[in-house]
1. Rank by packing, highest mean first: peptides 49-55, 84-90, with packing defined as the count of other Cβ atoms within 10 Å averaged across residues.
2. Top to bottom by accessible area (1.4 Å), largest first, where do R40, R93 land?
3. Below 8 Å between Cα atoms, with a sequence gap of 6+, how large is the relative contact order for segment 64-130 in percent?
4. Provide the per residue accessible area, probe 1.4 Å, for segment 39-135, rounded to a whole number of square angstrom.
5. Label-point separation (nm) for I6 and E131, each offset 7 Å from Cα along Cα-to-Cβ?
6. By the scheme Lys and Arg +1, Asp and Glu -1, what is the net charge of all other residues having a beta-carbon under 13 Å from that of N123?
7. Under a 1.4 angstrom probe, counting protein chains only, how are F14, F83, F106 ranked by accessible area, largest first?
8. Say the cut-off is 21 Å between C-alpha atoms; which of K46/K136; K46/K68; K44/K138 go over it?
Amino acid sequence: MNSEFIVAVHAMVFLHHKTGTISSEVLAQNICTNPVRVRRVMAKLKKAGLAETHEGRANGGYAYYKSKTVTLGDISRALDVQFADSSWHSGDRDNECMIASGMSDFMDSLYGKLNEMCSDYLNTITIADVEEYLKKKKDPVHTQNSAQDLLFHQSRW
């Protein structure tokens with residue numbers, strides 16, 4: 001996974017929270033990153049139909065499709081995120097040893113299953129869910145709950 005996913009989730013939650021069009025400069029300031037980086041990520045989300053853009057010098061920027069329910073899974077697919085991956089494999093498929101010849105296939109299968117499980121889980125979390133979690137976290141009554149408690153239980157919000 002790379003930081004594009006983090007930028008995209010942050011931007012989409014901010015856009016969901018706000019009304020109207022938000023410039024890449026305002027998004028970048030809220031995300032604490034560069035506007036160019038925001039524009040690159042948002043272009044991918046727009047291409048996937050997850051965000052809308054409005055052009056214009058004074059009112060140009062991005063907006064959240066209020067009629068859509070966007071999940072973190074949608075965002076990960078738009079960015080082609082692989083949560084578990086490796087560019088290096090141990091062993092050698094041509095080696096006579098069953099361990100050396102079979103390990104890379106096993107690891108590829110494992111990574112594939114982990115990515116599938118991550119995607120399935122992320123499909124259950126909407127942008128609205130994230131915003132709701134952040135609202136509750138801001139509430140002093142809920143500050144004792146940790147992110148793990150909220151994210152990994154059936155009734156996470």
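The values are calculated or read from the model by the stated rules, or taken from the named source; none is laboratory data. Everything numeric in this text was worked out from a predicted model, so none of it was measured. Backbone-built Cβ (ideal geometry, glycine too); neighbour counts: all protein chains shown. We work out accessible area using only protein heavy atoms, side chains counted, and drop any ligands, DNA or RNA first. Shrake-Rupley method; radii C 1.70, N 1.55, O 1.52, S 1.80 Å.
1. Working: 49-55: 16.0, 84-90: 10.3.
So the peptides 49-55, 84-90, ranked by packing, come out 49-55, 84-90.
2. On the way: R40 160, R93 135 Å².
Of R40, R93, the descending order of accessible area is R40, R93.
3. Details: 57 pairs, mean separation 32.7, N = 67.
Value for segment 64-130: 49 percent.
4. Working: 6230 Å² over 97 residues.
Per-residue value: 64 Å².
5. It works out to 2.3 nm between the two label points.
6. Working: positive: R77; negative: D74, E116, D120, D129.
With Lys, Arg at +1 and Asp, Glu at -1, the net is -3.
7. Details: F14 35, F83 55, F106 120 Å².
The residues order as F106, F83, F14, largest area first.
8. Numbers: K46/K136 29 Å; K46/K68 13 Å; K44/K138 30 Å.
As for pairs spanning more than 21 Å Cα to Cα, those are K46/K136; K44/K138.
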